[in-house]
1. Among the residues of the range 29-55, write down those that are in contact with a Pro (Cβ under 9 Å, 6 or more places away or on another chain) and either at pLDDT below 95 or buried (at least 19 other Cβ atoms within 10 Å of the Cβ) (or both).
2. Before we move on, is Thr205 open to solvent by 30 Å² or more (accessible area, probe 1.4 Å) and β-branched (Val, Ile, Thr)?
3. Residues being among the hydrophobic types (A, V, I, L, M, F, W, C) and part of a loop (DSSP other than H, G, I, E, B): count how many of those fall in the range 1-16.
4. Quick test of your reading of the structure: Ile19 fulfils all but one of (1) open to solvent by 30 Å² or more (accessible area, probe 1.4 Å); (2) under 18 Å from Ile165 (Cα atoms). Name the failing condition by number.
5. Is it the case that Ala183 is closer than 21 Å to Ala147 by Cβ and modelled with pLDDT of 95 or more?
6. Please specify each residue of the range 58-86 satisfying the condition of being farther than 17 Å from Gly15 by Cβ and touching a Leu at 6+ places or on another chain (Cβ under 7 Å).
7. Within the range 243-251, does at least one residue satisfy the condition of being touching a strand residue (DSSP E or B) at 6+ places or on another chain (Cβ under 7 Å), hydrophobic (A, V, I, L, M, F, W, C) and in a helix (DSSP H, G or I)?
Amino acid sequence: MVASMPGKVALVAGGASGIGRSTALTFAREGANVVVADISVTGGEETAHLVEKAGVKALFVKADVTKRDEIEGMVTATVQQFGRLDAALNNVGHPGHFKDAVETTEEEWNYIANIDLRTIWLSMKYQIPAMRLSGEGGAIVNTATAAVFRVVPRMAAFTAFKHGIVGITQSVAKDFAIENIRANVLAPGATATPMFLGSLKDLGTTEEAASANNPMKRLGRPEEQAEAAVWLCSPRASYVTGIVLRVDGGQML
């Protein structure tokens, strides 16, 4: 298959592991140079090394995406290094506190609001002007969850802000379509990432039980989510904006 994004530049926020790392490697396979941003230096540098081994250029930027100046900094570093930004995956978030709306404290609410929703807004706030530089537009994918199609009990703040990701993404899709800047939501189901596997105990389940609960009788693989994310950013999805793409093996049917 011919690479779909040769010479393009992709930014992956949250690229040190899991879906982020797999997406960075899939962008590389499609010919894009990749900026990997993450708070984890070890994981982020390893991802960047793997991207370079795939034959394209890579840059690692240490960024805490709960901080506005570091979000701005990762975008600035991208433009300084490569002169443009064509695609972005904003793959950041919190697994959620397992509390209903009454039990959730104000501090927990504000914390999850910051990491799940404010980071998405600020990322796009700085990514969109960078995408304008080339005059060709760009594409943004924000990671939410398949749970936006079905509410998960006792996860009030998580549910609220994941739905909020859909809202802000679709607002951006509407406002910037005229500039050929597309924005979509990736909604993963249960996927074998370090974050999901680490949350199973709090969810009161096991990997085996989570697999059995899926129509395909298995968890998703990070690379399966990556294929969807990169497709949404590629020219193959040039007329696709404002959608929520559920990649969950039929989990939410």
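The values are calculated or read from the model by the stated rules, or taken from the named source; none is laboratory data. All values reported here derive from a predicted model rather than from experimental measurement. Neighbour counts are summed over all protein chains in view; Cβ atoms, including those assigned to glycine, are modelled from backbone coordinates with ideal geometry. Note: accessible area is taken over every heavy atom of the protein model, side chains too, but ligands, DNA and RNA are not part of it. Shrake-Rupley method; radii C 1.70, N 1.55, O 1.52, S 1.80 Å.
1. Within the range 29-55, Glu30, Ala32 meet the criteria.
2. yes
3. Count: 5.
4. (1)
5. Considered against the rule, which asks whether it is closer than 21 Å to Ala147 by Cβ and modelled with pLDDT of 95 or more, Ala183 comes out as yes.
6. Selection gives Arg68, Val79, Arg84.
7. No, the range 243-251 contains no residue that is touching a strand residue (DSSP E or B) at 6+ places or on another chain (Cβ under 7 Å), hydrophobic (A, V, I, L, M, F, W, C) and in a helix (DSSP H, G or I).
Residue-by-condition table, conditions (1) closer than 21 Å to Gly96 by Cα; (2) loosely packed, with under 14 Cβ neighbours inside 10 Å; (3) under 13 Å from the mean Cα position of the chain (by Cα):
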{"residue": "Ala177", "(1), (2), (3)": "no, no, no"}
{"residue": "Met195", "(1), (2), (3)": "yes, no, no"}
{"residue": "Cys233", "(1), (2), (3)": "no, no, yes"}
{"residue": "Ala237", "(1), (2), (3)": "no, no, no"}
